[in-house]
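Student: Sharing a structure below in structure tokens format, with a few things to ask.
What follows draws every value from the coordinates through simple rules; no lab data is involved. Just so it is clear, the structure is predicted and the values come from calculations on it, not from any experiment. Note that each Cβ is placed from the backbone with ideal geometry, even for glycine, and that neighbours are counted across all protein chains shown.
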Ligand code: F6R
């Protein structure tokens, strides 16, 4: 079941997502936050930092799990998701470093890194999972064709995803890693509550397919049709085909 919210612009979309996040953080004794990277959640992260600074909302008791990480980029690379999360959120709030979980994209044994991450994730129930959506309908880095039963796994990134993400690598697709470690679709579906943020015209088709298309692995996000609590927060461009 989808609860859909359409807002005028990215700032309003971010405010709406922030409200839901703050409600979970302030009403749950030990909140478990599922976090995403990419452009979509950045506005919400800014609002979390501003609210932490001005109202003292604390993340001391939070545990966080990120969705994914590029394989082969050192943690310290400016485009690793480790760096992204520290720059865009963690350095601005008081979540303890030891409570932060991000897949290890530098592990020699990638399969073991996936299994370790999934086992750690399974010790918790994610209270709120933030998602973006790829223009090909991916969530986390579960590209089209990924089984709905998937747990944390290694994924070859599609050409389309690498093209979409080249903007973070000085526009050079050759610099975008070809693989990622990602939570699977079944991992994501265990979250209690999901908030998906989608803005811009290039998301409109994926958003339509997620909500109204058949539930098929061609559109990985269509699995969310089976989740009991999904809020999709969009701007008008992303909602244009609904
Ligand atoms: C990031 C992630 C991806 C992005 C998606 C949309 O952790 O899991 O699924 O959410 O690629 O990216 P943006 O928000 O940059 O359009």
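Student: Shape of region 164-242 from its Cα gyration tensor (a ≥ b ≥ c, root eigenvalues): rounded if a/c is under 1.5, otherwise prolate when a/b > b/c, or oblate?
Tutor: Oblate, since a/c reaches 1.5 and b/c is not below a/b.
Student: Pop a pseudo-label 7 angstrom from the Cα along the beta-carbon direction at both residue 167 and residue 154 and give the gap in nm to one decimal.
Tutor: Label at residue 167, label at residue 154, 3.0 nm between them.
Student: Just to be sure I understand the curve: with the Debye formula and one point per C-alpha of region 29-194, what is log10 I(q)/I(0) at q = 0.08 Å⁻¹?
Tutor: -0.22
Student: Points 7 angstrom from Cα along the Cβ direction at residue 218 and residue 242: gap in nanometres?
Tutor: In this crude label model, residue 218 to residue 242 measures out at 2.3 nm.
Student: Ok, one more. Which residues does a label at residue 94 reach in region 4-26, if reach means a backbone N under 20 Å from a point 7 Å past the Cα toward the Cβ?
Tutor: 21-26
Student: Please report how far the C-alpha centroid of region 3-33 lies from that of region 134-174, rounded to the nearest whole angstrom.
Tutor: Centre-to-centre distance over Cα atoms comes out at 25 Å.
Student: Over region 97-242, one equal point on each Cα, no solvent: what is log10 I(q)/I(0) by the Debye formula at q = 0.16 Å⁻¹?
Tutor: Listed by q, the Debye log ratios stand at -0.91.
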